[in-house]
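Okay, so here's the structure we're looking at.
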Amino acid sequence: MGVDIMSIKRKVDDLGRICIPSELRNQLGIGASSNVEIDIRDDSIIIKPTSNDITDKIKSKIEVFQNQLKRNIGKKERLQTEYALEVLQELLKSNKKKRKS
């Protein structure tokens, strides 16, 4: 398995925040509510997703997919796809409930 290396420069804002580019978030399945781990290694900061839970990964992929759909498709297709996403989200909810019991 090879190592992909990508270098993107970003500015740190007044509150110490940076924006992780969408292509990187999509590649790693990092969504708006995802948890990440921040490590310091030598003179570098490493940011990586922390969840190995398949439910969290699916949620992140659904969020990314929803955002892409909103930008790229017409109303009819969006409604059909939103329905499919609602079904997936219901399945995720029922899966979580089963695992808790």
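Summary of values
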| quantity | calculated |
| --- | --- |
| Residue in the range 13-35 that is part of a strand (DSSP E or B) and of a type in the set (Gly, Ala, Ser) present | no |
| Flag for VAL64 being surrounded by 12 or more Cβ atoms within 10 Å (Cβ to Cβ), at pLDDT below 90, aliphatic (A, V, I, L, M) and touching a strand residue (DSSP E or B) at 6+ places or on another chain (Cβ under 6 Å) | no |
| Condition broken by ASN35, with the remaining ones in (1) over 20 Å from MET6 (Cβ atoms); (2) modelled with pLDDT under 80 satisfied | (2) |
| Single residue of the range 1-21 satisfying the filter (modelled with pLDDT of 70 or more and among the small types (Gly, Ala, Ser)) that is surrounded by the fewest Cβ atoms within 10 Å (Cβ to Cβ) | SER7 |
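The values are calculated or read from the model by the stated rules, or taken from the named source; none is laboratory data. As the structure is a prediction and not an experimental result, all values here were calculated from the model. Here the Cβ is made from the backbone with ideal geometry for all residues, glycine too, and neighbour counts use every protein chain on show.
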